[in-house]
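The values are calculated or read from the model by the stated rules, or taken from the named source; none is laboratory data. Quick caveat: nothing in here was measured; it's all calculated off a predicted structure. Note that we place each Cβ from the backbone using ideal geometry, even for glycine, and neighbour counts take in every protein chain shown.
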């Protein structure tokens, strides 16, 4: 059974550089490091890439549905590759963490994230690993939509991408089963990203 890593975001060039696409940025970095291309799989409603990382068979999947309908693609990819929650990690943007911080979490709720909420509607077991990529909060609930669909400042984007690089560096440890070690490594990075 392959290990499945899904990044969340919105399809289309108009969304490519927005904060809400941090999950896609993570997948892009992982694919770039491994020199593998994504290919469209229409029946799965996703673009996928298959690779071997430290001897582990991995599938990267980027839903082609919009964020609020991510669950359809996640369910389709999980079913096609016969992956259970124990072999799944989902990477997504997190308002409650500042830029420059990435955190791993096993199980839990959707935290109000629309993509995660839809995944909960389509999956039976929510006990999968989550990579929460901090993008910061605009300070007001009313400003959230425009904020996540907007582009980060140059400094914020650098910090977000640096935290993604840190997370990519922990993938071999995750695949080897040392999720606790990966959590510890990421969680000891200072909140200011330094």
Matching residues, the range 55-77, being farther than 14 Å from residue 11 by Cα, crowded, with 19+ Cβ neighbours inside 10 Å and out of contact with any strand residue (DSSP E or B) (no Cβ under 8 Å at 6 or more places or on another chain): 71
Test for residue 71: is it outside any strand (DSSP E or B), at pLDDT below 95 and under 14 Å from the mean Cα position of the chain (by Cα): yes
So residue 52, is it out of contact with any helix residue (DSSP H, G or I) (no Cβ under 8 Å at 6 or more places or on another chain), modelled with pLDDT under 95 and surrounded by fewer than 16 Cβ atoms within 10 Å (Cβ to Cβ): yes
Strands (runs of 3 or more DSSP E) within the range 88-194 that include 2 or more residues free of Cβ contacts under 8 Å to residues at least 60 places away in the same chain and in contact with a strand residue (DSSP E or B) (Cβ under 9 Å, 6 or more places away or on another chain): 129-134
Subset of the range 104-122 (residues that are out of contact with any helix residue (DSSP H, G or I) (no Cβ under 6 Å at 6 or more places or on another chain) and either within 22 Å of residue 187 (Cα to Cα) or at pLDDT below 85 (or both)): 105, 106, 107, 108, 109, 111, 112, 113, 116
Extreme residue, modelled with the lowest pLDDT, among residues of the range 17-49 that are out of contact with any strand residue (DSSP E or B) (no Cβ under 7 Å at 6 or more places or on another chain) and closer than 30 Å to residue 137 by Cα: 33
Meets criteria (at pLDDT 95 or above and either touching a helix residue (DSSP H, G or I) at 6+ places or on another chain (Cβ under 8 Å) or buried (at least 18 other Cβ atoms within 10 Å of the Cβ) (or both)) for residue 150: yes
